[in-house]
Amino acid sequence: MLLPLAGRPMLDYLLDRVREVKELDGIHLITNSRFAPIFADWAPEDVTVHDDGTTSNDDRLGAIGDMRFAVARAVLHGEDVLVVAGDNLIGYSVPDFVAFWRETGGSAVALYQSPDRELIKQYGVVELDDDDRIISFEEKPAEPQTDLAATAAYLYAPEHLALLDDYLAEGNSPDAPGNFVAWLYSREPVYGYRFSGEWLDIGDHEQLLEADNRMRERAGLPRRARYTP
């Protein structure tokens, strides 16, 4: 998340988008004990870094476990919460996402319409009804039923976020944030926001190089054949 794209840490681009939300009260970054000092050195004044106390994959809380940790540590009970994975590079308007969500009265997930049927198999695939409410959510399906991929950007109503305890108490997976949505949508109203605009989930070297070159082009820098920090 701190690898540079055209000379700026990846997270800086994400924060540029998040800060466009006028109602924003605070930004909380959750990490483990290994990386907490590095993020603390980087963090701007408006970002609070929280160390979840874990040190390895053996004791990690998982993305959903970290969501519950963040609610408790940052005292977010009763708050509307935007959750975004730090390795996402987004080009759509987060304020537009928030406006959509407020009109629904539920929770919401940002959806990418993918023309690549093979690529979409790597994500949660969502089906919506005529009101954009989620009626099915399948993680990494072998045969996707739609072309709508759930991205790691969520807006939660406080009463829905409070169900994290129930979700984890049932023994469900604490990892992969989409798993909570897959559990939640059949219990509470969750809607899909179909955005137009750029989105990259930077999970491998190829995607990192593509993201770097996109940012380099916008900064007037030459493209590179190989990524180097």
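Observations, loosely collected:
- Sorted largest first, extent of the range 95-168 alpha carbons per principal axis (Å): 35, 31, 21
- Taking the inverse of the mean 1/r over every pair of distinct Cα atoms in the range 4-218 gives a Kirkwood hydrodynamic radius of 18.0 Å.
- Protection proxy ranking of 83-92, 58-67 - average other beta-carbon atoms within 10 Å, highest first: 83-92, 58-67
- The range 17-87-the range 89-149 distance, computed between alpha-carbon centres (Å): 23 Å
- When restricted to Cα atoms, the range 1-52 yields an Rg and a Dmax of 11.4, 33 Å, respectively.
- Rounded to 5, percent antiparallel among DSSP beta bridges of the chain: 70 percent
Computed from the coordinates by the stated procedures, all read-outs in this text should not be read as laboratory data. Since this is a predicted model, take the numbers as computed values, not measurements. No Cβ is skipped: glycine too gets one built from the backbone with ideal geometry, and neighbour counts run over all protein chains shown.
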